[in-house]
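Some notes on the structure that comes next.
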Amino acid sequence: IFEYCELVASSSARTPESEDEAKPPRWKPGGGMWVVQKYIENQLLIANRKFDLRQWVLVTKWNPLTVWFYDECYARFSAADFTSAAGELRNEYVHLVNNSISKHAASFHDAVLAENGVEIVDCMWTLADFRRYLQWRHERSP
């Protein structure tokens, strides 16, 4: 299974005079370039839900690259249990973890317990919650 999305450069795009002026393209429907990524078949699920880690960074310079990382990240979970059933491939609550989408799911505020007993609140975990889960999982591995 592959996911894809069209990638279009901003209408104000121009060739930058220096690397400092280079700006990444933005997402917009109906364009020219495409991004294709392979869907992970055997992904790590927590409470049978997809998740990702959101890490905030600040890029203050492109050349030389200077990046600042915020100390805390957090885990974002899908609003529905994972399934790869063909009929659910377009169900955004199964496959997407973005809270601007998940908050519209009827199950967004439902109590969901991870395998280690930690509750997932509003489809999110703190970094401390995620670390506790990883520690629990490591202690249980053979």
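The values are calculated or read from the model by the stated rules, or taken from the named source; none is laboratory data. Quick caveat: nothing in here was measured; it's all calculated off a predicted structure. Glycine gets a Cβ as well: all are built from the backbone with ideal geometry, and neighbour counts include every protein chain shown. To get the accessible areas, we keep the full protein, side chains included, count just its heavy atoms, and leave off ligands, DNA and RNA. Shrake-Rupley method; radii C 1.70, N 1.55, O 1.52, S 1.80 Å.
Worth a mention:
- For residue 66, solvent-accessible area (1.4 Å; no DNA, RNA or ligand), Å²: 50
- Computed with every protein chain present, the accessible area of residue 139 is close to 130 Å² [probe 1.4 Å].
- Stretching the chain fully between residue 65 and residue 104 yields a gain of 10.3 nm (0.36 nm per residue, less the alpha carbon separation).
- Nearest-10 value in Å² for the accessible area of residue 138, using the 1.4 Å probe: 130
- Largest first, the residues 122, 129, 71 sort by 1.4 Å accessible area into 71, 122, 129.
- Taking Cβ atoms as reference points and 12 Å as the exclusive limit, the residues near residue 136 contribute a net charge of +1, counting Lys and Arg as +1 and Asp and Glu as -1.
- Computed on protein heavy atoms with a 1.4 Å probe, the accessible areas place 40, 46, 101 in the order 40, 101, 46, largest first.
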